[in-house]
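The values are calculated or read from the model by the stated rules, or taken from the named source; none is laboratory data. Note that this is a predicted model, so its numbers are computed, not measured. Backbone-built Cβ (ideal geometry, glycine too); neighbour counts: all protein chains shown.
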Amino acid sequence: MQPLASPPALRDRSPFDGAQEGRLTSLYRIAGQDLVPVTRARLDNEALIEGWVEKDPSLIGLDILVLGTQITTDHGGRIDLLGVDVDGNLVVVELKRDRTPRDVVAQVLDYASWVCHLTPRQVGEIAMQKLRRPLGEVFQEKFNAPLPEAINTSHSMVIVASEFDASSRRIVEYLAEQHGLSINAAFFSVFEEKGQQYLATDWLLDQEAVVERAVARDKPLWSGLWYVNGGEGLTRAWADQRRYGFTSAGQGPQWSGALKKLRVGDRFYSYQRGHGYVGFGEVVSEAVMARDFLVDGKPILECDLVAPEMDCNKDDPDLAEWVVGVKWLGRTLPLEDAVFGKRPYFSSTHIVCKLSQQETLAELAKEFGPPDAPAAE
């Protein structure tokens, strides 16, 4: 079986709907005005999951560089998969297989206790051993950004399973929500219809919330300002955002969904991955599908756009580009003049997150003006 996205005729329910009651993901085929349930199936070879996640970590919503699999620890254990994110933080991924909840959680905690002490040099050695290339080189290739000076300042744990029982769920929720550990679970659900199998993936908990809660104790109070990673690609271009007054994300609910946090009046710094900070703006309209966003009464998709595929999947709420209207405050910068440099400016792979880093805020205020200045009429 190949890991397939749901075909056009199949639509998944909301991720882990009713998690507290233990109800698993269900899948339905749309037949006219009726919904026909698709039969759940078992994954005959759970070892396939490791290969799928190693090849494409985004299957479970992770944007990481995979350093390697079966990483041997000093304690004699073997980490199923070890990765690093764009911020230089390590991610331990462990398959549940047929182990008990107590065993798999104990195992991933044991591995994390080893990972947290790895030095940048040791992380580089793992990359060289497994990837046969310098860490900085593969990091730049993966994220289109230089390797951060600070490596492994924090870490996350992810348990992956083909199914997730109530006991495992309670343990992970307890560690994440009550003790602030960056631990979560992702699970695969398999469905079968007429001999064809389909795969759905879900998080147990909101991964961004898990990570934020885990590092909250080390962060200063929130400034009230947001960080928005606008990105650059076929479906979006900073030149369009700058010209027409918007920011956008899409091609999956894990990305477009983050934009829905923003409310009218919120202020944020716009960051373009691989470049830096390019503007400061205020939200003037909340997230809508690109097809429904208007610029002076004209649909944005009918405007003269640099992004050639902003209309891609325009009628699919899950895969379409979503747009938030913005009034840019002060100057905006072309990509080649983006603010980043050698100073330790905050950056993250998250599409939207809270900005609290005082040094970054102070430098950005110099570049784009006081963040509390009144908006021009």
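Sort out which residues of region 4-42 are modelled with pLDDT of 75 or more and buried (at least 16 other Cβ atoms within 10 Å of the Cβ), and write them in order of number.
Applying the first criterion (modelled with pLDDT of 75 or more) to region 4-42 yields 26-42.
Ser26, Leu27, Tyr28, Arg29, Val38 - these are the residues of region 4-42 that are modelled with pLDDT of 75 or more and buried (at least 16 other Cβ atoms within 10 Å of the Cβ).
Answer yes if at least one residue in region 354-368 is within 23 Å of Pro253 (Cβ to Cβ), in the same structural domain as Ala249 (by TED's automatic domain parsing) and either in contact (Cβ under 8 Å) with a residue 12 or more places away in the chain or over 22 Å from the mean Cα position of the chain (by Cα) (or both), and no otherwise. Checked region 354-368: at least one residue is within 23 Å of Pro253 (Cβ to Cβ), in the same structural domain as Ala249 (by TED's automatic domain parsing) and either in contact (Cβ under 8 Å) with a residue 12 or more places away in the chain or over 22 Å from the mean Cα position of the chain (by Cα) (or both). For the residues Lys314, Lys298, the requirement of being assigned by TED's automatic domain parsing to the domain that holds Gly250, surrounded by 15 or more Cβ atoms within 10 Å (Cβ to Cβ) and modelled with pLDDT of 90 or more singles out Lys314.
Conditions tested, residue by residue: (1) in contact with a Lys or Arg (Cβ under 9 Å, 6 or more places away or on another chain); (2) among the aromatic types (Phe, Trp, Tyr); (3) free of Cβ contacts under 8 Å to residues at least 60 places away in the same chain; (4) closer than 30 Å to Cys303 by Cα.
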position	(1), (2), (3), (4)
Gly180	yes, no, yes, no
Arg213	no, no, yes, no
Gln241	no, no, no, yes
Pro253	no, no, no, yes
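Selection of region 129-168 for residues being over 30 Å from Thr25 (Cα atoms) and assigned to a helix (DSSP H, G or I) yields Gln129, Lys130, Leu131, Leu135, Gly136, Glu137, Val138, Phe139, Gln140, Glu141, Lys142, Phe143.
Can you name the residue in region 90-127 that is under 14 Å from Val172 (Cα atoms), hydrophobic (A, V, I, L, M, F, W, C) and surrounded by fewer than 16 Cβ atoms within 10 Å (Cβ to Cβ) and is also modelled with the lowest pLDDT among such residues? Looking at residues that are under 14 Å from Val172 (Cα atoms), hydrophobic (A, V, I, L, M, F, W, C) and surrounded by fewer than 16 Cβ atoms within 10 Å (Cβ to Cβ), I get Ala106. Can you spot a residue in region 140-159 that is out of contact with any strand residue (DSSP E or B) (no Cβ under 9 Å at 6 or more places or on another chain), assigned by TED's automatic domain parsing to the domain that holds Asp206, among the charged types (D, E, K, R) and at pLDDT 90 or above? No, region 140-159 contains no residue that is out of contact with any strand residue (DSSP E or B) (no Cβ under 9 Å at 6 or more places or on another chain), assigned by TED's automatic domain parsing to the domain that holds Asp206, among the charged types (D, E, K, R) and at pLDDT 90 or above.
So which residues in region 108-138 are out of contact with any Asp or Glu (no Cβ under 6 Å at 6 or more places or on another chain) and either over 20 Å from Ala150 (Cα atoms) or among the acidic types (Asp, Glu) (or both), if there are any at all? Answer for region 108-138, where residues must be out of contact with any Asp or Glu (no Cβ under 6 Å at 6 or more places or on another chain) and either over 20 Å from Ala150 (Cα atoms) or among the acidic types (Asp, Glu) (or both): Leu109, Asp110, Tyr111, Glu125, Gln129, Lys130, Leu131, Arg132, Glu137. Cβ separations smaller than 6 Å between residues 6+ apart or across chains give the following pairs from region 274-289 residues that are touching a residue at least 60 places away in the same chain (Cβ under 8 Å) and crowded, with 17+ Cβ neighbours inside 10 Å to residues that are hydroxyl-bearing (Ser, Thr, Tyr) and in a strand (DSSP E or B): Tyr277/Tyr269; Tyr277/Tyr271; Val278/Ser270; Gly279/Ser270; Phe280/Tyr269. Every residue in region 329-342 that is over 18 Å from Glu232 (Cα atoms) and crowded, with 17+ Cβ neighbours inside 10 Å, please. Passing the criteria: only Leu329. May I ask you to verify whether Gly83 is touching a strand residue (DSSP E or B) at 6+ places or on another chain (Cβ under 9 Å), farther than 22 Å from Ser189 by Cα and at pLDDT 85 or above? Against the criterion (touching a strand residue (DSSP E or B) at 6+ places or on another chain (Cβ under 9 Å), farther than 22 Å from Ser189 by Cα and at pLDDT 85 or above), Gly83 qualifies. Only one of the numbered conditions (1) modelled with pLDDT under 85; (2) among the polar types (S, T, N, Q); (3) surrounded by 12 or more Cβ atoms within 10 Å (Cβ to Cβ) is violated by Asn45, and that is (3).
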